[in-house]
1. Report yes if some residue within the stretch 252-268 is more than 25 Å from residue 76 (Cβ to Cβ) and without any contact (Cβ under 8 Å) to a residue 40 or more places away in the chain; otherwise report no.
2. Tell me, which residue of the stretch 82-111 that is among the aromatic types (Phe, Trp, Tyr) and within 37 Å of the chain's Cα centre (by Cα) is modelled with the lowest pLDDT?
3. Within the group 139, 101, 192, which residue is of a type in the set (A, V, I, L, M, F, W, C), under 30 Å from residue 476 (Cβ atoms) and in a helix (DSSP H, G or I)?
4. For residues that are of a type in the set (Phe, Trp, Tyr) and at pLDDT below 80, tally how many sit in the stretch 252-275.
5. From 619, 667, 611, grab the single residue that is within 30 Å of residue 756 (Cβ to Cβ), at pLDDT 80 or above and of a type outside the set (S, T, N, Q).
6. Look through the stretch 762-793, keep the residues that are β-branched (Val, Ile, Thr) and at pLDDT 80 or above, and return whichever of them is farthest from residue 261 (Cα to Cα).
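The values are calculated or read from the model by the stated rules, or taken from the named source; none is laboratory data. From a predicted model like this one, the values you see are computed outputs, not experimental measurements. Methodologically, a virtual Cβ is constructed for each residue, glycine included, from the backbone with ideal geometry; neighbour enumeration extends over all protein chains shown.
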Amino acid sequence: MDRKRRKPVTVSLTERRSCNLLSFVFTCCVLLLAFNFANCNFTSRINKISDDLHKALDAVLEMDGPNYTDIYENNTYYSDTKFHPKGMSGLYNVTTMFMNLIVSQEIYPEGFIKVVDGKLVLGSLSEQWQTLLAHYAALIAVVIVLLIFGILMPICGLCFCCCRCCGKCGARSKPFDKKGDLCKKICLATLLIGMGTLMLFGVVCAFVSNQHMQDGTNELPTNLKNSVRDADVYIQSTAKQIHLLLDVNYKEFEQLLFVTLDDCSNIISNQLEEYSNATALTEVFTIVNGLDEIKADLSFIKTVARDMRHNASELSDKVRGVKNSLVRALHKCNEVSQCSDMLSNYINPLGTEIDFSNLPDISQEIDNLNEVLNLDIAKTLKEGQQALDNIQVEINRTISSQIPKVKKSINTAGKEVIAGGSNVTTVLKKVSQALDDYVEEPLKDIEENLNKYSPYRYYVGLGVSCSLLIITLCVTLGLVCGICGKRPDAYSDDCCNKGAGSRFLMIGVGIMFLFAIILVVVTIVHFFLGILAQRLICDSFRHPNTSQVVKLVDEVMNLKGSLGLDVDINWVLNSCNKNLSIYNVFKLQNLFDINEVITYLDKFEINQTLADLTEQINANTSVDILNDKAEAHLKKLVSSGIADIKYDKFIDEYATNFTTIDLDFLASKLDELVKIVQDKVPSQPNLPADLIESAKNLRAYQKLYVVPMTMGAKESTVIAQKLKESLKFGKESFEVAINTLIEELKAAEHYLRYQGPSTMTAIAQNFGYGIEKQVRSYLYRVINNTKDKVGQCGPLSAGLNATLIATCDKILLPWNGFWFSLMWCLLLFIPTIIFSTKLATLYQKYEPYPGPLVEAEYLYDAYADRDNIPLNSTGNSKRSKLKHKKKQKRYERGAFGPDATGDGIARDMPGGSHYQDTRYADMAPKHWDEFPAGGPPQYQRAPAEYERPPPYYFPGTEQQ
């Protein structure tokens, strides 16, 4: 029994649960469908507005601030940081390597110069002379070697000259070549060519570097002026940036902010309307205000439809009459093919085929619309708008006392910002003025002095280079004449023989001895000044990290103690090379922290005044947006039927052609047919007149009926199309649009009444946050631009680099290259003198190698007045050797003809009579028959007449 009783209960519970579950699922589906189909209703729109409230308010308040004037400007700078060595880079590199080899990068030994109480103190020379000597050992050694070389060269030249005057040192030599002289000539000439080539390289480098040095000196005033001009442009640009940031940008920010504050009530009320969707009232106003235009459009359509019916009827009758007349006329010329074609192709199809009786009558809709307008629907809606405006008025009244306080706080902060910027710009203007006052005159003096005195240095360098060129030219001419010229000959007038080459070489040797001291002095002066300037100025500014000079200047200037800046020159130079701002270059955060600017919000009580402002915002939001009377008028507007008019009917009817044939076209065809009929149908004299009359009527009907009807149809079509689309207001129909707006206004009214106060508070808080964000955005703009952009000192670095290029690269590099070229040539003087002297001695000999036998039995002394045969016999005594040696020397000077020992035997060697070459035979005519023995002269006797000077065994010029 229990089981039977419990079973129905269990079944009923199961069925109930199933029904509940189905009901829940169905309800969820209905809600989901309702949500999906209600995207445009109040719920969906209010949720969307709630999500985008902050974005909308941000757009109204322009949270990112106004469109600030950019503080960064592209200024024009004139400094040139490009340097072209013009092919001298190799010389400059070698010179730099040589300087680095002999001079350390450290200008003085560590600890020799100290700074005590801001003054330089030198170490004791007596205690540190060994350190100084070791430090400058290579430099002193080079200078000492040059001095010794310069002092010894004139002395050695004097001794060499005296030696030559005494017939020594190669002044006189044997008249014929020795066995190895040809090899000596080749070797010495080759070596001298090498020396001359190396010296020529030094001469060219001396000329070019001297010219480059002068060019750089001439350009120096202009380059310095450009650097100073760039510094002035930079200072003015920095001052302008500060003015734009702290003055112009602030005024732009202040103007926007004050406009926003003045419009506070309007912004809040508009946001409240937007949030509550009360803006639907605006759409209703748009519809109502457009009713008069809708009425005018409908009236125009109605008028055009009436006129179209009337004109269509008249046009049909007129066209029919012209058609009948043309048919009768064309039958008279039926035998003409053109007439028959006209009749069949144009006249028979002519007609109107229009009927506008089907156009809808919209008089009733217009009357209904007039009735709605007579109800003054706009006035009833304005009552709701006035209620919304009252919210704005009430908000404005509550905050009117707080707005001036906010402005005053912001204005006070702004004055301090502008005052700070004005102080900085004033200082920068003073710096710019000081730059003009204290730099312009020294630059003029520098330019005048350079123009006045630099040519002297240039001409000194040019003279020294010319002396080296003359030496090189002498060596070159000596080599050319010695290699390519003939042997010296007393009877030859050839000026470019080997003797001339010998003399050129000795001239070069003499100039080297004579000008060596001058070259050494010029070299030492340029050498010392060039190295000093390179190490003190160029290396110090280009490598400030390791420069002792920069460290000394830092310790002497003591920027931290004098200006309170925790920086040194090394940091400033490196920072400017990185184009950092002045704030970071001089570490101004140690003097004032720019980040503290953000505290102005609290310092000047801006946050507090904004909080007081938002707390005061309040208004009564229990308003009637759409009363019953306005709602009834809107529903009556829906029932007026203006949206139910069949606008497609007007569009379709007006799209048809009014005539089957264009009347103007047909009239032109008739004009063509008139000429044909006049020629081919002379029997019908009235036919052309009939055709002309018909064409005239067609043109008149086209103008009177067709054209106005076409224009009216086009205008009506455009209006009908516009009304068809616009009356839907983005909905399925006009009725749906109006009903939706009514529902949204009712919902907005309900929302304002119950949730308006809380929403207004949220909007007010967001407004205060927006104002604060505007202030913060400007303050952060000041902070970020001060740190990153204002006074980026890259232009100063570029100006400094341009100055270094103008001095160190364009002047000092050629300067060092000049003394290196002179030193290079001086080092070549010694081997050049040695090779030139030896080669000149060899070039003096005017006979080739005569062979070993003739060389042993050479001629006697033709100019001696005594017997050249020694009386003493050959012996091994020391005295005999001394006499032998003495006579040999005289023989070398040309005093003796035969062998100095007296053992030589003079012979007559006519050409071709001996084993020797004919070039050793005496080709001159002989008068031996005048001598007693009829042989060659063996005794001292003057010849009967002058024949020619010895030697008698002259081989002839053609044998050389």
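1. Yes, that holds for at least one residue.
2. Of everything passing the filter in the stretch 82-111, 83 is modelled with the lowest pLDDT.
3. From the options 139, 101, 192, the qualifying one is 192.
4. 1
5. Selected residue: 611, the only one of 619, 667, 611 that is within 30 Å of residue 756 (Cβ to Cβ), at pLDDT 80 or above and of a type outside the set (S, T, N, Q).
6. Per the stated criteria, the residue is 790.
The rows are residues; the columns are (1) surrounded by 14 or more Cβ atoms within 10 Å (Cβ to Cβ); (2) part of a helix (DSSP H, G or I); (3) among the hydrophobic types (A, V, I, L, M, F, W, C).
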residue	(1), (2), (3)
529	yes, yes, yes
570	yes, yes, no
575	yes, yes, no
602	no, yes, no
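Yes or no, residue by residue, for (1) acidic (Asp, Glu); (2) at pLDDT 75 or above; (3) over 33 Å from the mean Cα position of the chain (by Cα):
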site	(1), (2), (3)
384	no, no, yes
402	no, yes, yes
409	no, yes, yes
412	no, yes, yes
444	no, yes, no
